[in-house]
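One structure is given below, encoded as structure tokens.
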Amino acid sequence: MDMTFSAEDLAFREEVREFLAAKLPDRLRDGARRTPGVFVEPDIGMEWHRILNEQGWVAPHWPKEDGGTGWTPTQKFLFEKECALAGAPALAILGLRLVGPVICAFGTPQQKARFLPKILSGEDYWCQGYSEPGSGSDLASLKTSARLENGEYTVNGSKIWTTHAHHANWIFALVRTDATVKKQAGITFLLLEMDQPGVEVTPIHSMSGDHEVNAVFFTDAKTGEENRIGEEGQGWSIAKFLLENERGGSCFAPRLIQSIDKLEALAAEQPSGVNGAMAHDARFRDRLSRARLEAEALEFTELRILAELAKGRSPGPQTSLVKLLGSNIGQEIDTLRLELLGTDALQLPLERPLYGNEAPEPVGSEMAQTAMGRYLNNRAATIFGGSDEVQKNIIAKTVLGL
């Protein structure tokens with residue numbers, strides 16, 4: 001496989017760099033850097049979303065005819081890598097990366113016309129109704145039900161770990177429309193408005209004190225038949241399509257490598273308490289070097305997937321490998337950050353946000369102020385989007401043939 005970029009790709013990379021230098025405000029870089037959660041707050045993320053939409057670059061993973069960029073897989077990778085290196089906020093994926101591509105692939109022309117423009121503009125903010133109490137890794141066992149009568153579905157049940165449900169005005173949900181067939185065959189994909197009687201959102205605060213996820217309860221909530229994506233019983237196939245996008249639709253490695261770069265720079269200055277800076281500590285240096293090698297190997301794996309995509313092939317089970325490795329390397333980086341910062345990293349301010357005029361003063365440094373929050377929040381990375389165990393089972397079955 002040829003790992004060099006073409007002249008066209010290099011020119012595109014330069015265009016992206018010039019755009020970021022001109023259009024990415026320092027306050028958004030600062031907000032992203034000082035956010036300990038998995039997702040940036042909407043005031044940061046949506047401002048960047050609108051800047052990208054004005055440029056026509058907000059939905060590179062959509063088909064061009066539906067509002068996408070028409071970029072090649074390599075250009076998408078280069079764009080994400082340059083955004084990571086520039087410290088741009090990560091965009092909310094629920095609309096752009098998850099339900100948006102589903103509507104592009106499975107939606108009717110009427111559904112595309114209704115929903116896609118408002119995802120692009122940021123007018124609609126989405127959340128995902130997949131996991132339930134008792135139905136997380138075994139998603140097919142979900143119990144939330146929907147009954148169709150006179151062209152309208154009535155939905156009852158609950159969802160949990162629903163990211164940014166307290167900000168969202170729409171939710172896409174897997175519901176059970178037939179309990180008499182094989183469990184995967186009775187699932188349907190519905191879109192529901194959040195602001196209606198019968199939808200209740202209850203906050204769940206993480207160990208770090210962040211409020212990113214919620215429980216959502218449906219009590220005779222309503223949505224029209226026209227808000228069903230695909231046919232009844234097609235929800236499981238649509239869910240698998242969506243999860244492939246969630247697990248492998250973006251590049252993990254550039255942001256991991258950027259984090260390692262920052263740790264290496266800090267290690268050159270941070271005292272070890274024994275013999276000079278932490279960069280001279282052989283044990284710490286070995287672990288940091290190992291993390292870099294793993295992150296760079298992951299980047300090569302992502303580039304190999306790009307090569308497959310460029311040939312028109314689907315990403316397939318390789319996305320599980322990327323998700324598995326990316327999550328675990330990220331957790332190792334979080335641990336190294338705590339070790340490097342020492343007692344300064346024990347601070348865990350509960351105020352949010354940690355950027356702007358109202359932010360509390362950090363102890364030691366802004367990196368130290370967010371280190372423990374990042375560590376605690378990112379413990380969930382090996383669970384959400386499919387746990388490590390689920391990814392290993394997928395790899396064992398579809399790649400190794402076990």
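When the residues of the stretch 238-268 are narrowed to those that are more than 19 Å from residue 392 (Cα to Cα) and at pLDDT below 90, which ends up surrounded by the fewest Cβ atoms within 10 Å (Cβ to Cβ)?
Filtering first and then ranking leaves 250.
Return the residues of the stretch 228-237 that are assigned to a helix (DSSP H, G or I) and open to solvent by 10 Å² or more (accessible area, probe 1.4 Å); say none if nothing qualifies.
At the first step, the residues of the stretch 228-237 found to be assigned to a helix (DSSP H, G or I) are 235-237.
Answer for the stretch 228-237, where residues must be assigned to a helix (DSSP H, G or I) and open to solvent by 10 Å² or more (accessible area, probe 1.4 Å): 236, 237.
Quick one: in the stretch 53-81, which of the residues that are in contact with a Cys (Cβ under 9 Å, 6 or more places away or on another chain) and of a type in the set (Lys, Arg) is farthest from residue 102 (Cα to Cα)?
Selected residue: 81.
Do we have any residue at all in the stretch 302-317 that's in contact (Cβ under 8 Å) with a residue 24 or more places away in the chain and under 30 Å from residue 30 (Cβ atoms)? Step through it out loud before you land on a result.
Residues of the stretch 302-317 in contact (Cβ under 8 Å) with a residue 24 or more places away in the chain: 302-307, 309-310, 314-317.
Restricting the remaining residues to those that are under 30 Å from residue 30 (Cβ atoms) gives 302.
So far as the stretch 302-317 goes, yes, one or more of its residues are in contact (Cβ under 8 Å) with a residue 24 or more places away in the chain and under 30 Å from residue 30 (Cβ atoms).
Which of the residues belonging to the stretch 380-402 are of a type in the set (Val, Ile, Thr) and assigned to a helix (DSSP H, G or I)?
Taking the stretch 380-402 as the starting set, the residues that turn out to be of a type in the set (Val, Ile, Thr) are 382-383, 390, 394-395, 398-399.
Residues satisfying the conditions are 382, 390, 394, 395, 398.
Which of the residues spanning the stretch 48-61 are at pLDDT below 95 and either open to solvent by less than 30 Å² (accessible area, probe 1.4 Å) or of a type in the set (Lys, Arg) (or both)? Even if it seems obvious, please write down each step before you answer.
Step one: filter the stretch 48-61 for residues at pLDDT below 95, giving 60-61.
60 - this is the single residue of the stretch 48-61 that is at pLDDT below 95 and either open to solvent by less than 30 Å² (accessible area, probe 1.4 Å) or of a type in the set (Lys, Arg) (or both).
Do we have residue 28 as closer than 30 Å to residue 353 by Cα, among the aliphatic types (A, V, I, L, M), crowded, with 19+ Cβ neighbours inside 10 Å and over 19 Å from the mean Cα position of the chain (by Cα) here?
Criteria not met by residue 28.
Are any residues in the stretch 68-78 under 22 Å from residue 117 (Cα atoms) and open to solvent by less than 30 Å² (accessible area, probe 1.4 Å), and if so, which ones?
68, 69
When residue 93 is evaluated against the numbered criteria (1) modelled with pLDDT under 95; (2) closer than 12 Å to residue 16 by Cα; (3) crowded, with 18+ Cβ neighbours inside 10 Å, which criterion, by number, is the only one it fails?
Among (1) modelled with pLDDT under 95; (2) closer than 12 Å to residue 16 by Cα; (3) crowded, with 18+ Cβ neighbours inside 10 Å, residue 93 violates only (2).
Check 37, 45 and return the single one that is in contact (Cβ under 8 Å) with a residue 12 or more places away in the chain, in a helix (DSSP H, G or I) and surrounded by 14 or more Cβ atoms within 10 Å (Cβ to Cβ).
On the way: 37 fails: in a helix (DSSP H, G or I).
Only one candidate qualifies: 45.
Output the residues belonging to the stretch 104-145 that are in a strand (DSSP E or B), open to solvent by less than 10 Å² (accessible area, probe 1.4 Å) and over 22 Å from residue 67 (Cα atoms).
129, 135
Residue-wise test of (1) within 23 Å of residue 239 (Cα to Cα); (2) more than 19 Å from the chain's Cα centre (by Cα).
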{"position": "42", "(1), (2)": "no, no"}
{"position": "56", "(1), (2)": "no, yes"}
{"position": "60", "(1), (2)": "yes, no"}
{"position": "74", "(1), (2)": "no, yes"}
{"position": "77", "(1), (2)": "no, no"}
{"position": "113", "(1), (2)": "yes, yes"}
{"position": "118", "(1), (2)": "yes, yes"}
{"position": "126", "(1), (2)": "yes, no"}
{"position": "136", "(1), (2)": "yes, no"}
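The values are calculated or read from the model by the stated rules, or taken from the named source; none is laboratory data. As the structure is a computational prediction, the values presented were derived from the model and not from experiment. Glycine also receives a Cβ, built like all others from the backbone with ideal geometry; neighbour counts cover every protein chain displayed. Surface areas here come from the heavy atoms of the whole protein model, side chains and all, with no ligands, DNA or RNA. Shrake-Rupley method; radii C 1.70, N 1.55, O 1.52, S 1.80 Å.
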